[in-house]
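Student: The following block contains the structure, expressed as structure tokens.
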Amino acid sequence: MLITIVGIYTLFVLISIYTSVMQIGYVNSAKKGKAVLLSENDFIKAGNYSVAKEKMSIANMFIDYIVFIFWIGFGIKFLEQNISYENEAFLNIAVVMSFLIINSLLSLPFSYYEKFILDEKFGFNKSTFAQWAKDTLISFVMTLLFGSLVVWGVYEIISSFTLWWIWSFTFIFAVVVLINMLYPTFRALFFDKLTPLQNEELDAQIKDLMDRTGFVSSGVFISDASKRDARLNAYFGGFGKTKRVVLFDTLIEKLTTKELLAVLGHELGHFAHGDIYKNIALVGVMLFGMFAIFGNLPSSLYAELQIANAPYAIMILLLLFMPVLGFFMMPIMGIVSRHNEYAADKKGSELGGAGGEVELANALMKLVTENKSFPLSHPLYIFFHYTHPPVLERLRELGVDIKAGDKSTLGAACQANI
């Protein structure tokens, strides 16, 4: 059984690395050709950023594999032998949280490199080291506190029920839903400063869009995201009365009012189609599969690992394999998600009224330019990684057909092709 477990993880790593290698080769070749959507300099720069990200991903995957072998071959047993509490609940919490803390510490160099080397080089990073250290510390403390509570809950369930994996799945799924509800509040408390939108005219237009889709929100807020990052973004967070619209200040700065409304119309399209519930249901299916597998592992596996068949061991093995199932589930989730994106684009265009397609297309172009998104990808990479359709496909669905080497503005292209 142990050989099978290691073999599955090895296959996951090899496929992941192969996919990244194919993407690197594809982008390196494509960036030498005629520019698409972007100016020639931006096209090359976006390609270089994409390649650099994939190289970092490959390095990260190698380290993750070494760490996985460490935990399977020695690490779990080491924690088991060196952590002791008379109270079983404390013992399980201490072992699992030690596992999470060590993994978090090992990931810090990659986090630092991505923020202060890679993103700094390509002009994304706006954060200081002090800000990054503060954010990292807050995330660490929150993981320690809330992670301990979740581990305690799963331990109690495993200790109390024969079919513990069904009840554990129910508990974790409820935690996932709760996180989605509370995410905007926690982000505002600990990370971003959110201020109510002061532009009364824009606020009224946004609320009109929400009224037309039945979206009830606790307000429209501006996030000071530019103090950390130059990328453009916006999100709708929460459930029920906790729902709020959050616009990054970078988005407000770069998009026109009509383009901004087109982006929000797209997001409201997701709400109108119930996409958030579909996505949570897909996550639920993945979680159920994980708990079904790891709730029925043979005792011989624990004997091969030379560890006890204890709640902490089950939880650590499940955490080690979450990325594996997530990777192989991604193509299914990606197909569903890409379909939802097309439908949301259509709904957003309809909400925008006459010329809605043009405004959304222009907004997409600005997002590509400002976020330095390389517009071309290898089909295999799209299959395993893309939750959104390639931007060229989205533009074609909106009635725009941008060909390689087209240096005209997107707005003009939209007018000519819609």
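Student: With a length cut of 15 Å (Cα positions projected on each helix's long axis) and a Kyte-Doolittle mean of at least 1.0, go through the chain and give me the DSSP H helices that pass.
Tutor: 2-30, 88-113, 129-160, 164-190, 275-294
Student: Right, something else. What area, in nm² and to one decimal, does the C-alpha convex hull of the stretch 220-329 cast on average over all directions?
Tutor: Averaging across all directions leaves 10.4 nm² for the Cα convex hull.
Student: Then there is this: In nm, to one decimal, how far is the modelled label at F129 from the one at N41, with both set 7 Å along Cα→Cβ?
Tutor: Placing both labels 7 Å along Cα→Cβ, they lie 3.1 nm apart.
Student: Quick check of the Kirkwood formula: for the stretch 2-417, what is the inverse mean of 1/r over all pairs of different Cα atoms, in Å?
Tutor: 23.7 Å
Student: Please report the antiparallel percentage of DSSP beta bridges with both residues in the chain, rounded to the nearest 5.
Tutor: 65 percent
Student: Assuming 0.36 nm per residue, please report the length gained on full extension of the stretch V175 to L163 beyond their Cα-Cα distance.
Tutor: 2.4 nm
Student: State to the nearest 20 debye the size of the charge dipole of the stretch 2-417 about its Cα centre, where the only charges are +1 on K and R beta carbons and -1 on D and E beta carbons.
Tutor: About 620 debye.
Student: A follow-up question, please. Out of all DSSP beta bridges in the stretch 151-309, what portion is antiparallel? Express it as a percent rounded to 5.
Tutor: Within the stretch 151-309, antiparallel bridges account for around 65 percent of the total.
Student: Give the lysines whose C-alpha is closer than 16 Å to that of K254, dropping any in the same chain fewer than 8 places away, or say none.
Tutor: K227, K366, K372
Every read-out reported here was derived from the displayed coordinates using simple, explicitly stated rules and does not represent laboratory data. Please read all numbers here as calculations on a predicted model, not as lab measurements. Note that we place each Cβ from the backbone using ideal geometry, even for glycine, and neighbour counts take in every protein chain shown.
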